[in-house]
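Following: one structure in structure tokens, then a few remarks.
The values are calculated or read from the model by the stated rules, or taken from the named source; none is laboratory data. Treat the numbers as computed from the prediction; the structure is a model and nothing was measured. Glycine also receives a Cβ, built like all others from the backbone with ideal geometry; neighbour counts cover every protein chain displayed. Just so you know, the surface numbers come from the protein's heavy atoms only, side chains and all, with ligands and any DNA or RNA stripped out. Shrake-Rupley method; radii C 1.70, N 1.55, O 1.52, S 1.80 Å.
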Amino acid sequence: MTPHIEAPSSAFAKTVLMPGDPLRAKFIAEHYLENVQQVNQVRNMFAYTGTYKGVPVSVMGSGMGMPSIGIYSWELYNVYGVENIIRVGSCGAYSADLNLYDVLLADRVFSESTFGTVQNGDPDPFRMPSAALNQRLLSSADTLSLPLQTGTVHSCDVFYRQDPDDYLRILHTHHAVAVEMEAFALFHNAQVLGKHAACLLTVSDSLVTAEAASAEARQTAFTRMMEIALHSISRA
Ligand code: HPA
């Protein structure tokens, strides 16, 4: 038990999939997993443990932003013995080469957040995913013949920026191709605790074209991302 998760210490599998939205976690558990048990409902941050093709796996919402995923990922790694967390989220495209519904694997994360400095004094604005998890996800996409792009992702603390063109600065300076709000804290915690983390994203909107995904198309893109994530676990 932790202040935020009511489950007993053996309730989670070694690998946890983390969408931002707890109702997404419920959807994943109901549509993809077998032998499912709900293991958390504190703050409605639903978590489930089940199996995929016989392999134990958990799924839990992270909430939005680095403070939220920072809390849940820390407790999963540190209290529940979780080894791998794969974030399965959405992002906004900074690059004109990314189209709506593309699936992107973060191979580096940039953030101007103070999360690292405050957590352990590490001021490096970049964090890296687990090379082993990324390799597995890339080979999973390859096996399934599903396109998967890679690139630097911007983890941003602010969704509504005063200047909507501010993204160009981050694109040009740090070569970030997309923006989301959680990966930096997840990768930081994994690094500090000697664990593994990866981040898969579907492009839900574009800062270049101002397009946004329809609900139905979002679901199709989400399904492709989930197939890549789940196949990588089944081969783990
Ligand atoms: N900004 C931040 N996070 C996001 C976005 C965005 O435009 N789209 C999806 N997640």
> Just one of Ala93, Ala29 is within 16 Å of the ligand (Cβ to nearest atom) and small (Gly, Ala, Ser); which is it?
Replying inline: Ala93
> Here are some conditions: (1) buried (at least 23 other Cβ atoms within 10 Å of the Cβ); (2) assigned to a helix (DSSP H, G or I). Pro129 meets all but one. Which one does it not meet?
Replying inline: (2)
>> Which of the numbered conditions does Ser9 fail, given that it passes all the others? Conditions: (1) small (Gly, Ala, Ser); (2) modelled with pLDDT under 95; (3) within 12 Å of the chain's Cα centre (by Cα).
In response: (3)
> Within the range 200-220, can one find any residue that is open to solvent by less than 30 Å² (accessible area, probe 1.4 Å), over 20 Å from Ala96 (Cα atoms) and either within 11 Å of the ligand (Cβ to nearest atom) or not in a loop (DSSP other than H, G, I, E, B) (or both)?
Replying inline: no
>> Suppose we filter Val36, Val16 for residues that are open to solvent by 40 Å² or more (accessible area, probe 1.4 Å), touching a helix residue (DSSP H, G or I) at 6+ places or on another chain (Cβ under 8 Å) and aliphatic (A, V, I, L, M); which single one remains?
In response: Val36
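For (1) closer than 20 Å to Glu227 by Cβ; (2) free of Cβ contacts under 8 Å to residues at least 60 places away in the same chain, each residue gets a yes or a no:
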site	(1), (2)
Leu133	yes, no
Leu146	yes, no
Gly151	no, yes
Pro164	no, yes
Tyr167	no, no
His174	no, no
Ala183	no, no
>> Looking at the range 100-110, can you tell me whether even one residue there is within 14 Å of the chain's Cα centre (by Cα) and not aliphatic (A, V, I, L, M)?
In response: yes
> Does Ala213 satisfy the condition of being more than 30 Å from Asn78 (Cβ to Cβ) and in contact with a Leu (Cβ under 9 Å, 6 or more places away or on another chain)?
Replying inline: yes
> Right, Asp166: within 11 Å of the ligand (Cβ to nearest atom) and on the phi < 0 side of the Ramachandran plot or not?
Replying inline: no
>> Checking the structure you have, find out if any residue of the range 81-88 is modelled with pLDDT of 95 or more, within 16 Å of the ligand (Cβ to nearest atom), more than 28 Å from Val39 (Cα to Cα) and open to solvent by less than 20 Å² (accessible area, probe 1.4 Å).
In response: no
> Can we say Arg43 is open to solvent by 20 Å² or more (accessible area, probe 1.4 Å) and either within 16 Å of the ligand (Cβ to nearest atom) or modelled with pLDDT of 95 or more (or both)?
Replying inline: yes
> Is it the case that some residue within the range 144-155 is within 16 Å of the ligand (Cβ to nearest atom) and open to solvent by 30 Å² or more (accessible area, probe 1.4 Å)?
Replying inline: yes
